[in-house]
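Following: one structure in structure tokens, then a few remarks.
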Amino acid sequence: MRIVLFLLKCLVGVFATLGFLLVAGAAALVLLWEDVDLWTARGVEVPEAAVLTLDLSAGIIEVRPDNPLARVGRGHVPVMREVLAALDAAGRDARVRGLFARLGRGPLGLAEVQELRDAVKGFRRSGKFAVAFAESFGEAGDGTLHYTLASAFDEVWLQPSGDLDLTGLFLESPFLRGALDKIGVTPRLAQREEYKGMMNTFTDDALPEPQRRNLQRLVDSWLEQIVTAVAEDRGMTAAQVSALVDRAPYGAAEALERGLVDELGYWDQAADRVLERAGDDADTISLADYARQLDDPAADGAVVALVYGLGPVTLDESENDPFFGRLVMGADTVARAIRDAVEDQDVKAILFRIDSPGGSYVASDVIWREVQRARDKEVPVIVSMSNLAASGGYFVAAAAHRIVAQPATVTGSIGVVGGKLVLTGLWDKLGITWDGVKAGANADVWSGNRDFSAAGWAYLQDSLDRTYADFTNKVADGRGLTIERVREIAKGQVWTGRDAKEHGLVDALGGYATALALAREAAGIAPEAPLELRVFPKRRDPIEALIEDALAGELESPAIKALARGLARVMRALAPLVEAMETLRADPRAARLRAPDLRPAN
């Protein structure tokens with residue numbers, strides 16, 4: 001395994017070495033581009049009759065990377081918080097008459113869709129129009145989710161050649177037991193309890209019945225939320241929309257006939273109609289440029305710290321690597337950010353934004369401790385959950401003052417899994433032998449080259465019991481529930497945010513706006529008082545970030561890996577294989593509080 005990983009990293013190294021000669025020039029160009037882009041945006045004036053444009057064809061992200069070279073890959077993708085703030089401000093801006101959005105493709109989660117829908121509907125409540133356009137709802141993205149967002153607009157356009165795949169939601173996972181048997185790999189894993197699904201990918205050839213019931217409840221809840229939203233927006237009954245879902249997909253003409261879209265036409269035709277609707281004197285401005293014109297928060301406003309916890313939880317620094325398309329919630333970074341916010345006398349409350357499937361129990365516990373310390377020091381921590389806050393992603397939130405989730409947020413998975421894959425059969429098939437020496441009876445307990453001893457297996461069971469007990473006890477303490485109630489709703493079960501609220505795992509449904517309202521309430525800040533949302537840790541200077549990342553060490557430097565989009569495509573193709581190899585090579589405990597990826601996809 002190490003040989004394969006070494007060869008893969010050598011391949012990465014070849015590309016990186018070739019690209020390294022371009023670093024200095026690329027850095028200068030990117031920095032110059034960023035300066036020009038920022039200067040140009042600040043020089044753009046908002047028209048007296050403006051239509052904001054928003055392009056979600058590349059999806060949306062929570063935070064932009066510091067490293068300017070890394071921004072080559074994701075630098076112009078809209079940032080959720082900026083989009084929400086801009087739409088809120090535009091709703092009160094007399095110069096803004098409407099919104100024109102391009103949808104239909106790009107990665108979006110259902111919780112993100114719900115947060116954007118709320119923002120669009122809030123914008124429309126000010127009396128302004130909102131038009132959505134898509135070449136197709138489904139060919140290059142999740143048609144159901146993108147259409148659910150589009151339905152919040154008062155007018156939906158679809159290209160005549162496009163489709164509308166309002167087909168519902170589909171979750172599936174690979175089961176590797178048959179393949180592992182063939183290659184001689186033995187899974188030696190255990191879990192707490194029956195709904196925890198990570199282990200079964202390796203030990204079974206199909207979904208165990210408890211997990212099937214749990215996931216069916218999850219997708220049924222998601223679809224019910226989608227049907228309700230679309231029915232309300234399109235003036236239909238829930239029964240009508242459910243029937244439409246079961247008969248989908250549709251061609252453009254049929255989608256128009258069935259009342260799912262309002263107009264068929266091309267981008268230029270929709271754009272012309274939008275400007276006509278806005279008035280002869282109207283002009284467009286991108287929502288990103290508009291956002292840059294907004295006034296900075298008042299200097300004398302109360303400060304709420306914003307801390308991001310995005311991606312798998314690891315015992316390391318956080319990582320924002322658009323080159324491989326991966327985010328990591330590093331315990332070192334997040335714990336330090338919360339600690340710094342607590343010690344900052346200006347900070348009245350902390351908004352902790354989470355989108356994570358979990359990961360390391362120890363790393364999750366590091367972050368939990370800082371949230372608990374903030375609570376002990378009477379600095380309110382309000383958690384805002386995006387698409388996913390499962391297992392370790394929920395563990396880190398358990399001690400928060402209040403927890404906010406979207407109705408669709410994957411929540412809970414209060415359970416634990418552990419063990420290792422034993423590779424001895426694989427080595428036998430390949431004719432590879434391993435030999436060595438050890439000092440200490442259990443020095444090889446986590447080695448994949450030998451099975452657990454009786455003592456090692458007993459230690460694993462005891463460790464899982466202790467971890468599960470700690471997890472459930474911390475949830476009970478943080479949520480004000482009895483341990484019996486937590487054990488009933490735990491067992492590794494995943495819930496939608498809506499169901500989690502009914503079970504007491506979540507306090508309120510909503511997004512940033514709801515969380516900030518609760519932060520004001522907890523900190524005693526008046527609803528209309530000026531408020532500054534200050535990111536912790538402080539954003540690095542772009543030049544410093546470039547130099548630090550470039551010199552960070554060997555092949556892991558984002559500056560080297562993110563030289564160009566073309567190279568990024570090659571690396572992204574290799575990324576799943578590299579990540580799988582690294583997972584097998586890593587300490588098995590690093591994924592003890594990890595849930596499967598349960599984001600809906602067609």
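Where a number appears in this text, it was derived from the coordinates with a stated rule and is not lab data. Bear in mind the structure is a predicted one, so any value in this text is a computation, not a measurement. Here Cβ is always computed from backbone atoms with ideal geometry, including for glycine, and neighbour counts include all displayed protein chains.
The ranking of T411, T314 by Cβ neighbour count inside 10 Å, starting from the fewest, reads T314, T411. Check cross-link reach from K501 to the lysines: straight Cα distance under 19 Å, and skip same-chain residues fewer than eight apart. Leaving aside lysines fewer than 8 places away in the same chain, those within reach of K501 are K474, K491. Rounded to whole numbers, the Karplus 3J(HN,Hα) couplings from phi for the range 485-501 are 5, 5, 5, 5, 9, 8, 6, x, 6, 9, 10, 6, x, 4, 5, 4, 5 Hz, using 6.51 cos²θ - 1.76 cosθ + 1.60 with θ = phi - 60°, and x at Gly and Pro. The calculated FRET efficiency for E45 paired with K182, based on their beta-carbon distance and R0 = 51 Å, is about 0.20. Look at S136, S360 and count the other Cβ atoms within 10 Å of each Cβ; fewest to most, that gives S136, S360. Taking amide hydrogens as placed 1.01 Å from N in the peptide plane, the amide H of E139 sits under 5 Å from those of D163, each at least 5 positions away in sequence or on another chain.
Want the number for D470 to A526: 0.36 nm per residue separation, take away the alpha-carbon distance, what's left? Fully extending the segment from D470 to A526 adds 16.4 nm.
The trypsin sites (Lys or Arg not before Pro) of the range 413-468 that DSSP puts in a loop, and whose beta carbon has at most 12 other beta carbons within 10 Å, are K438. With θ taken as phi - 60° and the Karplus curve 6.51 cos²θ - 1.76 cosθ + 1.60 applied, the whole-hertz 3J(HN,Hα) list for the range 332-347 is 4, 5, 5, 4, 5, 5, 5, 4, 5, 5, 5, 7, 7, 5, 6, 7 Hz, x standing for glycine and proline. Taking a straight line from the alpha carbon of K538, these lysines sit under 28 Å away, with near neighbours fewer than eight places off in the same chain left out: K348, K377, K561.
Take the Cα of A238, step 7 Å toward its Cβ, do the same at F170, and the gap between the two points is 2.5 nm. Working note: Karplus 6.51/-1.76/1.60 with θ = phi - 60° gives the range 251-264 the couplings x, 4, 4, 5, 4, 5, 4, 8, x, 8, 10, 9, 9, 10 Hz, where Gly and Pro are set to x.
The simple spin-label model puts a point 7 Å past each Cα toward its Cβ; for R95 and D246 those points are separated by 5.1 nm. Ordering H503, H401, H76, H146 by the number of other Cβ atoms within 10 Å of each residue's own Cβ, fewest first, gives H76, H503, H401, H146.
Put simply, the amide H of T284, placed in the peptide plane, has neighbours under 5 Å in V51, leaving out anything fewer than 5 places away on its chain. Between amide H atoms placed 1.01 Å from N, distances below 5 Å from L421 occur with R188, all of them 5 or more places distant or on a separate chain. Using the average count of surrounding beta-carbon atoms within 10 Å as a protection proxy, the listed peptides 235-243, 99-107 rank, highest first, as 99-107, 235-243. Annotation: extensible slack from D428 through Q293 equals 42.1 nm (criterion: 0.36 nm per residue apart, minus Cα-Cα distance). A Cβ-based charge dipole, computed about the Cα centre of the range 442-488 with Lys and Arg at +1 and Asp and Glu at -1, lands at about 160 debye. Over all other residues within a Cβ to Cβ distance under 14 Å of Q269, the charged ones net out to -4, with Lys and Arg as +1 and Asp and Glu as -1. If you plug the beta carbon distance of T284 and R217 into 1/(1 + (r/R0)^6) with R0 = 45 Å, you get a FRET efficiency near 0.55.
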